[in-house]
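Taking it in order: structure first as structure tokens, then the write-up.
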Amino acid sequence: MSTDLPPYFFRIRDNGAAVFRVSSEDRQRRLAMDQIAVVNIRNGEVKPHGERELAAEDLAAIHTWMEERREVLAAREMDDIFRAVDHLNLTAHWAQTKASDDALEAVTDTLLMAMHDLRQVLVRKRADRLMKERGEG
């Protein structure tokens, strides 16, 4: 393990993270992680752990991490969407070249409904954007 430890560790949770201050200041050079806060990425809330008061440098590190985490999550979300496009293309190829009648029967209605729903959302969102660009909305 490196001797240069980061000052904070963020244990990822569903909507944020538990924040720990990292130190190895004791006599045995043991690694200590003291929980200082819980953060929520969605609403930006930072809750100090227990009766603790967060120092300015704690808050600065937490807010920096939150910004970076939001960027990572946004990039992952876009990657997931592009993967979905790939899967749609692979599904079309499968349906055209490999799928049995029984397999097609099993998935056709579900795929058609999902694609219809997606198409409606995309068309509506595009229309909203066009109206906004024209100053109509």
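The values are calculated or read from the model by the stated rules, or taken from the named source; none is laboratory data. Predicted model, so just to flag it, every value in this text is computed and none were measured. All Cβ positions, even for glycine, are placed from backbone atoms using ideal geometry, and neighbour counts span all protein chains on display.
Quick check: is even one residue across the stretch 92-100 within 26 Å of the chain's Cα centre (by Cα) and modelled with pLDDT of 95 or more? Before you say what the answer is, go through the steps one by one.
Taking the stretch 92-100 as the starting set, the residues that turn out to be within 26 Å of the chain's Cα centre (by Cα) are none.
No, the stretch 92-100 contains no residue that is within 26 Å of the chain's Cα centre (by Cα) and modelled with pLDDT of 95 or more.
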From the option list Arg134, Arg76, Arg70, Arg83, single residue qualifying as over 30 Å from Arg11 (Cα atoms) and either of a type in the set (Lys, Arg) or touching a Gly at 6+ places or on another chain (Cβ under 6 Å) (or both) is Arg134
